[in-house]
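What follows is a single structure, written as structure tokens, with notes after it.
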Amino acid sequence: METKTRTRVPPRKADTTPRTPAVIVTLSALLLLAVSIVGQIAAGADYPTVPPGLVIPLVAAALLIWRANRWTTGLALGVGLFIGVGAILTPNTSDHLSSGDTALIAATVAEVIALTALVIAGSTACLARKGAAGTTAGLARKGARP
């Protein structure tokens, strides 16, 4: 006679970090970046039909809302670096700032501020999450004293 054994699997613990101020600023910077792209399009800037500078930050923000852990904060940092390097290497940013159109200049300044905040806060969020593995909680599990 065959007996089926059922192994009880414990519920999975969420491996997310709490929404620290660095994660909140990173998320806010991603959303500001997307809004600044919409502002540039509304002001008449030339963008593709589906602007990657709008879609990529929104996807990264959705992932960060869904689960704020090391890989999503790292992805958000990567998005900021990727779009920031693109903004520096292409002449669009300097053209927008020298256009004389107030709305386009304001949207471009908002983009630069969002990218700067995204890189700084994203780096802080990644480093804080990486350091969490070596905190006193990790030492307590090993039986060591802090």
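The values are calculated or read from the model by the stated rules, or taken from the named source; none is laboratory data. Here the structure is a predicted model, which is why all the values come from computation and not from measurement. Using ideal geometry, Cβ is built from the backbone for each residue, glycine included, and neighbour counts are taken over all protein chains shown. When the accessible area is computed, the model is the full protein with side chains, heavy atoms only, and any ligands, DNA or RNA have been set aside. Shrake-Rupley method; radii C 1.70, N 1.55, O 1.52, S 1.80 Å.
Okay, here's what the table says:
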quantity: Tally, over segment 56-76, of residues that are open to solvent by less than 30 Å² (accessible area, probe 1.4 Å) and among the aliphatic types (A, V, I, L, M); calculated: 5
quantity: Selection status of residue 103, among the hydrophobic types (A, V, I, L, M, F, W, C), out of contact with any Cys (no Cβ under 8 Å at 6 or more places or on another chain), farther than 11 Å from residue 30 by Cα and assigned to a helix (DSSP H, G or I); calculated: yes
quantity: Residue count for segment 40-55, restricted to those that are in a helix (DSSP H, G or I), in contact (Cβ under 8 Å) with a residue 24 or more places away in the chain and buried (at least 18 other Cβ atoms within 10 Å of the Cβ); calculated: 2
quantity: Condition check for residue 104: exposed (fewer than 14 other Cβ atoms within 10 Å of the Cβ) and more than 16 Å from residue 34 (Cβ to Cβ); calculated: no
quantity: Hits in segment 83-96 (condition: exposed (fewer than 14 other Cβ atoms within 10 Å of the Cβ) and assigned to a helix (DSSP H, G or I)); calculated: 85, 88, 89, 94, 95
